[in-house]
Amino acid sequence: MKQTTVDDCRIIDLRKISDPRGNLTVIESNGDIPFDIKRVYYLYDVPGGESRGAHAHKQLQQLIVAASGSFTVTLDDGTKKRSFNLKRSYYGLLVVPGIWRDLDDFSSGSVLLCLASEHYDEKDYVRDYQEFLEYKK
Ligand code: TYD
């Protein structure tokens with residue numbers, strides 16, 4: 001977690017099976033993404049102007065997808081920030097451990113889908129930004 005940077009995070013171009021009846025995107029563990037999926041959760045009904053995130057993880061990696069609508073993910077490694085506006089359901093943002101993330105600019109009706117490499121564990125979170133900066137030094 002200490003050494004990771006925002007440049008270790010990247011957009012993954014997911015498989016898109018185009019069809020006039022509607023498109024389909026597949027995500028398989030250890031094929032399309034570099035980890036086993038242990039947990040899936042989604043954020044929805046986010047009121048306009050609200051922000052989520054504001055934490056880092058020590059071990060957990062995740063893939064964030066705009067399953068519907070759009071939002072902005074700002075990644076921060078304590079030195080450098082990178083922002084991604086996610087709006088296509090065939091792009092996933094891979095976030096490695098040790099990266100602070102802020103989520104905002106949620107469009108109305110947006111759904112943030114998250115595939116996580118670990119089960120939920122509050123001890124894996126760093127929720128204090130100063131503590132995060134100290135850790136990354
Ligand atoms: P949090 O991860 O802080 O949400 P976000 O980063 O999307 O803003 O989680 C919000 C609350 O939900 C917090 O009290 C922990 C709880 N939670 C679970 O119980 N299980 C989970 O898998 C997740 C992701 C959160």
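The values are calculated or read from the model by the stated rules, or taken from the named source; none is laboratory data. Keep in mind that this is a model prediction, so the values were computed, not measured. Here the Cβ is made from the backbone with ideal geometry for all residues, glycine too, and neighbour counts use every protein chain on show. These area figures cover heavy atoms from the full protein model, side chains too; ligands, DNA and RNA do not enter into them. Shrake-Rupley method; radii C 1.70, N 1.55, O 1.52, S 1.80 Å.
Of Lys80/Lys136; Lys38/Lys137; Lys38/Lys80, which sit over 20 Å apart, Cα to Cα?
Values: Lys80/Lys136 12 Å; Lys38/Lys137 30 Å; Lys38/Lys80 29 Å.
As for pairs spanning more than 20 Å Cα to Cα, those are Lys38/Lys137; Lys38/Lys80.
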query = Ignoring ligands, DNA and RNA, what accessible area per residue does the chain give at 1.4 Å, in Å²?
reply = 57 Å²
query = Taking a probe of 1.4 angstrom, what is the accessible area of Tyr42 in Å², to the nearest 10?
reply = 130 Å²
inquiry  = Taking all protein chains in place and a 1.4 Å probe, what share, in percent, of the accessible surface of the range 40-83 do carbon and sulfur account for?
reply    = 43 percent
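Given the DSSP H assignment, sum -39500 (n - 2.57) over each helix run of at least 4 residues in the chain and divide by its residue total; what's the result at 222 nm in deg cm²/dmol, nearest 500?
-1500 deg cm²/dmol
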inquiry  = Need the list of aspartates and glutamates near Lys87 for cross-linking: C-alpha distance under 18 angstrom, and skip anything on the same chain fewer than eight residues off.
reply    = Asp13, Asp45, Glu50, Asp102, Asp104, Asp105
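Rg to Rh ratio, the chain, alpha-carbon atoms and Kirkwood radius? Walk me through the intermediate numbers first.
Working: Rg = 14.8 Å, Rh = 15.4 Å.
Here the Rg-to-Rh quotient is 0.97.
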remark   = So the FRET efficiency between Tyr41 and Tyr125, C-beta based with R0 = 22 Å and rounded to 0.05, is 0.95
ask   = Considering only DSSP beta bridges whose two residues both sit in the chain, what percent are antiparallel, to the nearest 5?
value = 95 percent
